[in-house]
Amino acid sequence: MHESAEDIERLQDLLDRSYAEAGPHLLGIHTAERRLTATDLVERLQGMRLLVVATVGAAGRPVTSPVDGIFHRGFFYFGTSQDSVRWRHLQHNKSVSATHLPSEEWAVIVHGTGVPVDTSRVLPDGLRATLLEVYLPRYGPHWETFLDSGPVYTRIEPERMFAIDVTR
């Protein structure tokens, strides 16, 4: 877990603001006792997590695709190729939504803006180190060479985030 106390506080504030502005339908499902806290999220979202990411095409239509997601310091990150449709969409329209739905029991949904992130060097937030921590054991030492070969990463700067555990 790489989140600081400030990261968790910022994330909890986001969750609280999101629910304060949510509509009655969502609130009827995401009842107070079913909502996950920021602390719950940082505990559950360790390692690589599959996300379904939605970007907006030139015609204004949403396009979804699965990606590897990394939850780091209270933000979702995902990588793609510079020649992908997803990356092209983000160059023209920064709007992005993502859903992590590992089972029918719990889910996380985030809506926000896609912000490009430089993973080619060590930054104070530690994202590169986290990526290496997650992927080197999985793919071996050549993964760092791959990371430096040109994949591009995006941080979802969240405007709204919702997290539910329906078993509660």
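The values are calculated or read from the model by the stated rules, or taken from the named source; none is laboratory data. It should be emphasised that the depicted structure is a prediction, and the values quoted were computed from it without experimental measurement. When we count neighbours, we look across all protein chains shown, and the Cβ atoms used for this are built from the backbone with ideal geometry, even at glycine.
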Could you look through segment 97-111, keep only residues that are in contact with a strand residue (DSSP E or B) (Cβ under 9 Å, 6 or more places away or on another chain) and either among the polar types (S, T, N, Q) or at positive phi (or both), and pick out the one that is surrounded by the fewest Cβ atoms within 10 Å (Cβ to Cβ)?
99
I'm trying to understand the selection: among the residues of segment 125-168, which are loosely packed, with under 15 Cβ neighbours inside 10 Å, touching a helix residue (DSSP H, G or I) at 6+ places or on another chain (Cβ under 9 Å) and among the hydrophobic types (A, V, I, L, M, F, W, C)?
136, 146, 166
Which of the residues spanning segment 1-25 are exposed (fewer than 14 other Cβ atoms within 10 Å of the Cβ) and either of a type in the set (A, V, I, L, M, F, W, C) or more than 30 Å from residue 127 (Cα to Cα) (or both)?
1, 5, 20, 21, 23, 24, 25
Considering residues of segment 77-96 that are more than 22 Å from residue 148 (Cβ to Cβ) and surrounded by 20 or more Cβ atoms within 10 Å (Cβ to Cβ) only, the residue modelled with the highest pLDDT:
96
Within segment 26-37, track down each residue that is out of contact with any strand residue (DSSP E or B) (no Cβ under 9 Å at 6 or more places or on another chain) and surrounded by 12 or more Cβ atoms within 10 Å (Cβ to Cβ).
27
Please pick out the residue among 67, 122, 115 that is in contact with a Lys or Arg (Cβ under 8 Å, 6 or more places away or on another chain), hydrophobic (A, V, I, L, M, F, W, C), at pLDDT 95 or above and surrounded by fewer than 17 Cβ atoms within 10 Å (Cβ to Cβ).
115
For the condition outside any loop (DSSP other than H, G, I, E, B) and either closer than 21 Å to residue 90 by Cα or touching a residue at least 40 places away in the same chain (Cβ under 8 Å) (or both), what is the one hit in 167, 130, 119?
130
If you go through 7, 13, 118, the only one that is of a type in the set (D, E, K, R) and closer than 17 Å to residue 151 by Cβ is 118
